[in-house]
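Chemist: Mind having a look at this structure? Questions to follow.
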Amino acid sequence: MEREKRKKDDISLYFEDKEFIANTYVMKCFTVTMGIYVTAFVLNVLNIFIIDAGVMRQGFFPSLVIYLLTFFMTKTVSLSNPKVKYVLFFSLILVLTTMGVSITYHVVLGALLPFLCATLYSSRGVMRYVYTLTVLSTILIVYGGYYYGLCDANMALLTTGRMKDYVDNGQFVLTQVNTNPHISLLLFFVIPRCLIYIAYMEVCSSIFKVVSGSLEKAKLTEELEKAKTEAENANRAKSQFLAKMSHEIRTPLNAVLGMNEMILQESETKNIQEYASDVKNSSMMLLNIINDILDSSKIESGRMELVPVDYELGGILNDLYNMIAFKAQERKLELVFDIDTAMPRGFHGDDKRIRQVLLNLLTNAVKYTNKGTVTLHLSYKALGEYGALRFSVIDTGIGIREEDIGKIYDEFQRFDMSRNRHVEGTGLGMNIARQFLKLMGSELKIKSEYGKGSEFSFELIQKVVNTKPLGDFRRKSGLPEEKKNFDFTAPEVKILVVDDNRMNIKVFQGILKHTRMQISEAISGMECLELLEQQEFDLVFLDHMMPGMDGIETLHRMQEKKLCEHTPVIMCTANAILGDREKYLAEGCQDFLTKPIMPEQLDKMLRQYLPDKLVPVKEETRL
Ligand code: ADP
């Protein structure tokens with residue numbers, strides 16, 4: 001249906017373009033050809049040329065009717081209507097087949113050919129050509145026809161005997177000019193016929209071009225549509241596959257990280273602590289890879305959107321420093337954050353994406369540098385209520401060959417594998433960074449010297465929301481000294497964890513063990529509703545993907561039954577590809593938590609959503 005409509009639109013557009021040309025030429029053609037006939041008619045009436053009554057009946061009057069109809073059509077019918085084209089085309093065929101060789105044949109051709117050309121073919125050149133041919137042949141035929149009766153009986157005239165009859169009957173004025181019947185035949189029959197046929201062929205080829213062109217176009221459109229649907233289906237299948245895989249991988253990873261966290265918390269043995277710490281690092285790496293793959297698939301399908309908020313730059317820089325300093329230290333690299341401390345402190349933008357881009361660049365710088373320094377420069381230029389932040393990450397690492405720089409954004413592309421084979425990576429990071437920057441209206445610039453080092457820089461224009469100077473970001477954010485998660489006890493707090501996977505509930509219980517909170521469990525939406533009807537909770541963690549009644553449906557039922565009017569509900573999801581914050585908030589939950597559950601995130605949520613008197617609020621959560 002859609003496709004049909006689009007095809008029609010294409011045709012209409014095509015004809016609309018030609019309408020002006022068509023109408024102009026048809027009118028010209030009409031006027032000149034009609035002029036010839038009117039002159040012949042007047043001369044006839046004035047008795048200067050005697051026209052046979054049969055010729056008048058067969059030729060002149062039908063021609064007049066056709067001309068008037070044509071005139072009427074050009075004035076009233078829009079040539080942009082493709083139906084007109086078909087009506088004209090079929091009427092021409094009809095006239096040609098029924099009227100045969102009469103004079104009307106030429107008249108019709110003279111009127112309709114250019115008209116058809118104009119309607120079907122875009123070229124003014126062809127228009128003029130056909131027009132000239134038809135008018136010329138009309139003149140010759142009218143002239144010859146009136147004087148020699150050629151048009152009236154042209155088939156019979158193919159025999160010279162009949163021609164001779166005409167000559168003998170003394171109906172010819174042109175005898176002085178040429179009495180040779182063969183030359184007359186050539187001049188007034190063969191030549192005009194040829195001209196008409198040439199014009200006719202031109203029209204046929206125009207029709208053929210248009211028809212085959214539009215057929216080709218239609219075929220091409222159909223193929224493209226088919227390919228598009230196939231690609232869309234494949235992409236949908238890919239997204240579904242990724243969502244599923246993400247869920248499938250994150251669920252056991254949640255258990256691995258959760259249980260490991262318990263080992264880290266509970267084990268006193270140094271060796272065990274070290275092993276657990278390695279498990280944590282590798283699991284986090286695995287999680288990062290999954291996140292990268294999901295991000296790039298989201299970008300690819302155009303579903304990646306920015307979420308601008310007011311943010312404190314100090315927080316981002318501080319987090320980055322803490323994350324990278326450890327890695328740099330491990331590789332015995334110097335890490336320098338060279339920041340313009342006079343720049344404003346608060347901006348409006350997508351802090352998560354900025355953090356992700358910088359983290360990618362800094363991680364790469366550390367990964368691909370064996371000795372020396374990794375530096376983050378941040379300079380600032382005020383632009384009224386906006387500011388231009390120029391970030392550049394410089395390393396003294398292995399560098400990139402000039403010919404490889406252009407390929408750096410290709411997905412899964414990694415260079416120098418002989419040197420880098422021990423370096424972990426997927427080859428997705430740079431592509432993601434570039435796409436995020438593109439979304440933020442910026443561009444990543446790369447300068448690199450093979451063997452010496454690289455510089456990755458970009459500029460962001462952000463709205464300033466807090467003009468206080470940034471100052472020493474490390475001290476300001478007051479974070480670096482490790483603050484322990486769950487360093488409080490709240491035995492009176494009641495929490496409900498809803499998850500069909502018992503392992504996940506166990507993880508919750510394990511992580512929160514030290515807080516001594518009362519943790520109830522429900523393994524289905526139904527059970528959750530029953531428990532909520534019996535007692536009140538301070539906080540509910542509700543899993544999204546559950547068989548039967550899923551998290552969203554359970555939440556809606558809770559809302560209908562007014563079971564969560566005073567209880568914040570946090571949706572938990574291992575399904576990061578669908579885990580868009582806004583979507584969950586729109587459904588009516590207070591927040592959402594992605595699995596694997598990170599202790600620091602869970603800690604933050606508890607402090608944020610539980611009453612202050614029950615759980616102390618950490619400094620940075622208050623910010
Ligand atoms: P990866 O996960 O492999 O690090 P990226 O997309 O982040 O993937 O980077 C692509 C490739 O670009 C890397 O494999 C590496 O060869 C090269 N590269 C990126 N950053 C640097 C850098 N700072 N120094 C040298 N090479 C780099």
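The values are calculated or read from the model by the stated rules, or taken from the named source; none is laboratory data. What you see is a predicted model; the values in this text were computed from it and never measured. Reconstructed Cβ throughout: ideal geometry from the backbone, glycine too, with neighbour counts over all protein chains shown. Keep in mind that these areas ignore ligands, DNA and RNA; they rest on the heavy atoms of the full protein, side chains included. Shrake-Rupley method; radii C 1.70, N 1.55, O 1.52, S 1.80 Å.
Chemist: Considering segment 315-345 alone, what residues qualify as being in a strand (DSSP E or B) and buried (at least 18 other Cβ atoms within 10 Å of the Cβ)?
Modeler: Leu335, Phe337, Ile339, Pro344, Arg345
Chemist: Kindly state which strands (runs of 3 or more DSSP E) lie completely within segment 514-623 and contain at least 2 residues that are open to solvent by less than 50 Å² (accessible area, probe 1.4 Å), of a type in the set (Val, Ile, Thr) and at pLDDT 85 or above.
Modeler: By residue number, 569-573.
Chemist: Would you mind finding the one in Tyr368, Tyr380 that is surrounded by fewer than 20 Cβ atoms within 10 Å (Cβ to Cβ), at pLDDT 90 or above and not basic (Lys, Arg)?
Modeler: Tyr380
Chemist: Residues Lys476, Lys463, Lys468: which one is part of a strand (DSSP E or B), modelled with pLDDT under 90 and away from the ligand (no atom under 12 Å from the Cβ)?
Modeler: On inspection, the qualifying residue turns out to be Lys468.
Chemist: Which pairs do you get when a residue that is touching a residue at least 60 places away in the same chain (Cβ under 8 Å) and of a type in the set (A, V, I, L, M, F, W, C), found in segment 396-410, comes within reach of a residue that is part of a helix (DSSP H, G or I) and near the ligand (Cβ under 9 Å from one of its atoms), reach meaning Cβ atoms under 7 angstrom, with the pair 6+ apart or on two chains?
Modeler: Qualifying pairs under 7 Å: none.
Chemist: Limited to segment 383-401, what total is found for residues that are open to solvent by 60 Å² or more (accessible area, probe 1.4 Å), on the phi > 0 side of the Ramachandran plot and within 16 Å of the ligand (Cβ to nearest atom)?
Modeler: Residues that pass the stated criteria total 0.
Chemist: When the residues of segment 422-451 are narrowed to those that are near the ligand (Cβ under 7 Å from one of its atoms) and of a type in the set (S, T, N, Q), which ends up modelled with the highest pLDDT?
Modeler: Only one residue fits best here, namely Ser448.
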